[in-house]
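The values are calculated or read from the model by the stated rules, or taken from the named source; none is laboratory data. The shown structure was predicted, so the numbers you read here are calculated from the model rather than taken from an experiment. Virtual Cβ from ideal backbone geometry, glycine too; neighbours counted across all protein chains shown. Calculation scope for accessible area: heavy atoms of the full protein, side chains included, ligands and nucleic acids excluded. Shrake-Rupley method; radii C 1.70, N 1.55, O 1.52, S 1.80 Å.
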Amino acid sequence: MIQRNEAVDVLKGIGILMVLVAHSLGGYVSQFAYTFHMPLFFIVTGLFLKVPEADAACASGNICVMDKGLWQAVRKDFRRLIYPALFTTVVIMAVCALSYIVECSWMPSPLSFVYDAGADGVLDMLPPPPGNLWFLYALFFGRLSFYVVARHSRGVALAAVCLLSGGAAVLSSRLFTLPYSMAAGVSVLPFICIGYFIQLNGGVDKTIGNWWYRLLIPLWVAYIFLGRLQVGSMEYSWCYVFDILAAAGGTYFFYLVSKGIVSYGGWLKTVLMFFGTYSIILVCVPGVETYCFPMQEVIPQGVPFRQLFVLAGKVAWCALSMYACLRIGFLKKVFGVGKVNGSRRSWQSYNNIE
């Protein structure tokens, strides 16, 4: 039985913690987190991605858009990623529908999540997913795109196709908008490719000693001050290639930190592993708070230590939501949380983001 790499769970825990802190505090903390925190998850995806084998008819060179293996992989990804995103969107819309009954200035119209009547173009009428849900759509389309690319190219050719496709998606986003983070999903192909190459070369622990990985860390440090990478809004910095390499450097640095945390043990390892294992829940539930009852609006101005109360309110909501998702049968199915060792409780999640 293959032993789970606890450092990867800790790494994802650091990533999701950075997501929550960056959106809560902003400023320099946000600028620091944007350099690596979302690409981290796409790189981790590549570490565990299994490209479905092509059927014999497809492998022989015939035109084959969707064979059985690819269809099963897409269905599984749709269940793991899009189901939670759609459910969270419905919850947000249902709560925001109360704005028609109870006048709350912070609640937008529920229709604004599916239709923008004031948009300039037809595609712009489909607004982006609320909150961090863009990430789940981008991850779905990124995985789908990588399946297709990896089936028809290998090695340097695969890296080149991923880089060119991602760059084309970034450039095209300046001209038109694709719905449901499709462009973002293609733009992250190089990140997925990095993780996939590490997987093919024996895994991260085997390749971690390569000298060129260490060169990426100074580049990432420079990007903390010079760059601001926001994958969700397709805001890349002055060089797309350097964006990718800098994000890889930040991910590599925090993997080394994660290895140290695992070796040391203690409560920090436990907390970060918990966050990393159930990171998909923490991607979804903050959006409900952001759109339905944002703590910045709910807690009145003038309250002493107001920022601490805002942060405490966000933490309390996330903790309550996670408890519900781990205890209520229906929510466990939606978010893919289950027991994997018979009756023994486990932190393994069917929908773990990897």
Compute the FRET efficiency between Met125 and Leu164 as 1/(1 + (r/R0)^6), taking r as their Cβ-Cβ distance and R0 = 22 Å, and round to the nearest 0.05. 0.15
Rough spin-label spacing in nm, given labels placed 7 Å along Cα→Cβ, for Leu256 and Ser109: 5.3 nm
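Any idea of the accessible area per residue across the chain, 1.4 Å probe, to the nearest Å²?
Numbers: 17750 Å² over 354 residues.
With the other protein chains kept in place, the chain gives 50 Å² per residue.
Could you rank the peptides 73-83, 149-159, 127-137 by their average count of other C-beta atoms within 10 Å per residue, with the highest value first? It would help to have the intermediate numbers written out before the result.
Working: 73-83: 16.3, 149-159: 14.2, 127-137: 22.2.
So the order, starting with the most tightly packed, is 127-137, 73-83, 149-159.
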7 Å from Cα along Cα→Cβ at both Tyr83 and Val156: what's the point-to-point distance in nm? 4.3 nm
Run the Debye formula on the Cα coordinates of the chain, all scatterers equal and no solvent, and tell me log10 I(q)/I(0) at q = 0.12 1/Å. -0.94
Strictly over 19 Å apart at the Cα level, which of Lys12/Lys76; Lys12/Lys269; Lys50/Lys269; Lys206/Lys259; Lys12/Lys333 would you flag in this model? Lys12/Lys76; Lys50/Lys269; Lys12/Lys333
Please report the carbon-and-sulfur percent of the accessible area for segment 82-216; probe 1.4 Å, protein heavy atoms only, DNA, RNA and ligands left out. 70 percent
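Suppose every K and R has +1 on its Cβ and every D and E has -1 on its Cβ; what is the size of the dipole of the chain about the Cα centre, in Debye to the nearest 20?
Here the chain has a charge dipole of around 1180 debye.
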Residue-wise HN-Hα coupling along segment 34-44, computed from phi with Karplus coefficients 6.51, -1.76, 1.60 (Hz; x: Gly, Pro): 4, 6, 8, 5, 7, x, 3, 5, 6, 5, 4
Report, in whole Å, the centroid distance computed from the Cα atoms of segment 256-306 and segment 140-156. 32 Å
